[in-house]
Amino acid sequence: GLGVTDSRIPLSVLFMDAFMTVGIVATPRLLVRVLARRPPRRRAEDARRVLIAGAGAAGELITKELLGHPQLRLTPIGFVDDDTRKLGHKLLNLKVLGTLADIPEIISKYEVADIPEIISKYEVAEVIVAMPRASGTVVRRVVRAAQEAGVKTRTVPAMFDILAGNVTIASLRPIEIQDLLRRDTVTVDVPRLASLATDEVVLVTGAGGSIGSELCRQVCRLSPRRLLLLGHGENSIYHIQHELAARFPEIELVPVIADVRDRGRLEEVFGRHRPFAVFHAAAHKHVPLMECNVAEAVTNNVLGTKNVAELAAEFEVAHLVMISTDKAVRPTNVMGATKRVAEQVVQAVGDARQRNFVSVRFGNVLGSRGSVVPAFLRQIRSGGPVEVTHPEMRRFFMTIPEAVALVLQAGAMGTGGEVFVLDMGEPVRIVDLATDLIRLSGLTLGDDIEISFTGIRPGEKLYEELFFGEEHAERTDHPKVLRAKHATLPIGLAESLDGLIVSARGGADAEDLLALLCRLVPEFRPQKGMAEAGNDETEAELVG
């Protein structure tokens, strides 16, 4: 029989049907794609205005990013820069509107305060600090100016990230305290550093501490054959070993749990591994704690250093670098006095054996355990008050990586027995540091949180000094490393040292130990009531 229709369907209908089906299914999809690709039109009320501080390479990179991502709704309106030659010029078609000092004026010019509902739409919402090389003082000025005008600040990443081309919007970050204390970038002489460690066996004592662990990281970058991580606390050694094993799988790491006071154990380590370079960072460092534990300070800082230095000489170590502190200068506390004696030990052994054994002295390092910044942040989190000992208390600050890079540099420059001093820049008032931290936490001093002054504690000074009177410093061929001129070693150093160590191990009382320390360090001025001082945290205890 016949089908439904007597005639066949024309081919044209089939073609048209196929064509229309495809059209109906595909057109909406294509439209969605085309529209999605078109940049959304900038609606003035959406986009928040951004002022860029720094009309250099970093400023240009971040502005390109902002212009290329309209969906971020951030419109750069122009630059501010302290280079007067740039004023009035254009970068990416945006004007350099003024200097950093003009920030408040520029911000107020863009405010439309009389129509409250559109304030947020037209006023400057953010200042982006695109000055990776600027000093902390400059960054602080920008942040203060922005905060006084009620505007947020963010900053670009560090210089090496920018050189690697890693500047994206995602890499903008809030300003941190390191930015406010930032100093000129440290450059080191890498080939010279390589002579300390490359293809050699290196020993770091106190390897789990804040300075010791950073020494390990930077030594690993120099590709040693073997790195000995010596420390007393197993947890911290465990952590640094795992971190380094993941980052430097090709380097042989040997964790050594040992106490530098135990000479027999150290002798076994030196005998088995024969290190070429030794970095001695193991020490007790907390100022108030050492005031009431004098014998411990002596055995760890003096006897420990004596063991390490003498064994290093005996086993023909080529370089020994002892980490010291500015608190060893005219010390007013036990920790400083014991570190000064430790410097004398290193100098005496270095002189006697004609070895390249040096000490490197520096001030407070940011972010070390027990340092003032974490303590302040804890106080801010718990609602305050932030405790500062004295309105005029000042400290030198340096970041740990910066200090360690210079320690390596000094170690490579040493010829024996010297004390090197790192140029710590300008001292920072602790109360300014506290104020900046409160601001960076988004709080207002006085309204949200108070600063209270608690008075200077035993063993603290208002100002740390980096040199003795008689030894003053001379320049070296590195701008940030100074050489303290040789101070004369006390007469009868060996006998006094032995007397001090025997007394400390024999349980002598604090008064006797202080008297013996004064004999070795005539300029040591113990403060009254020191031996029973409290053991609370302090600003003066940052150095490892």
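The values are calculated or read from the model by the stated rules, or taken from the named source; none is laboratory data. Not measured: the values here are computed from a predicted model. Please note: Cβ atoms are built from the backbone with ideal geometry, for glycine as well, and neighbour counts cover all protein chains shown. Each accessible area value is taken on the protein alone, full model and side chains, heavy atoms only, with ligands, DNA and RNA left out. Shrake-Rupley method; radii C 1.70, N 1.55, O 1.52, S 1.80 Å.
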>> Among the residues that make up the stretch 427-445, is at least one of them in a helix (DSSP H, G or I), out of contact with any His (no Cβ under 7 Å at 6 or more places or on another chain) and open to solvent by 50 Å² or more (accessible area, probe 1.4 Å)?
In response: yes
>> Regarding the stretch 335-345, can at least one residue be identified that is open to solvent by less than 10 Å² (accessible area, probe 1.4 Å), of a type in the set (Asp, Glu), within 19 Å of Gly411 (Cβ to Cβ) and modelled with pLDDT under 90?
In response: no
>> Cβ-Cβ distance below 9 Å, separation of 6 or more or different chains: which pairs start in the stretch 311-339 with a residue that is charged (D, E, K, R) and part of a loop (DSSP other than H, G, I, E, B) and end on one that is at pLDDT 95 or above and surrounded by fewer than 24 Cβ atoms within 10 Å (Cβ to Cβ)?
In response: Glu316/Arg274
>> I'd like the full set of residues that are at pLDDT below 85, assigned to a loop (DSSP other than H, G, I, E, B) and touching a strand residue (DSSP E or B) at 6+ places or on another chain (Cβ under 8 Å), limited to the stretch 54-94.
In response: Arg73
> Do the conditions hold for Glu418, that is, is it open to solvent by 30 Å² or more (accessible area, probe 1.4 Å), over 25 Å from Arg141 (Cβ atoms) and of a type in the set (D, E, K, R)?
Replying inline: no
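I'm trying to understand the selection: among the residues of the stretch 2-53, which are modelled with pLDDT of 70 or more, small (Gly, Ala, Ser) and within 30 Å of Ala145 (Cα to Cα)? It would help to see each step written out before you state the result.
Filtering the stretch 2-53 for residues modelled with pLDDT of 70 or more gives 7-35, 47-53.
Filter again for small (Gly, Ala, Ser), leaving 7, 12, 18, 23, 26, 47, 53.
Passing the criteria: Ala47, Ala53.
Yes or no, residue by residue, for (1) open to solvent by 60 Å² or more (accessible area, probe 1.4 Å); (2) of a type in the set (D, E, K, R); (3) within 14 Å of Ala337 (Cα to Cα); (4) part of a strand (DSSP E or B):
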{"site": "Arg483", "(1), (2), (3), (4)": "no, yes, no, yes"}
{"site": "Ile491", "(1), (2), (3), (4)": "yes, no, no, no"}
{"site": "Val502", "(1), (2), (3), (4)": "yes, no, no, no"}
{"site": "Leu513", "(1), (2), (3), (4)": "no, no, yes, no"}
{"site": "Pro522", "(1), (2), (3), (4)": "yes, no, yes, no"}
{"site": "Pro526", "(1), (2), (3), (4)": "no, no, yes, no"}
>> Under 6 Å between Cβ atoms, which residue pairs at least 6 apart in sequence (or on different chains) link something in the stretch 432-451 that is under 18 Å from Lys152 (Cβ atoms) and among the basic types (Lys, Arg) with a partner that is assigned to a loop (DSSP other than H, G, I, E, B) and open to solvent by 60 Å² or more (accessible area, probe 1.4 Å)?
In response: none
> Filter the stretch 139-181 for residues that are part of a loop (DSSP other than H, G, I, E, B) and of a type outside the set (A, V, I, L, M, F, W, C); which is modelled with the highest pLDDT?
Replying inline: Gly150
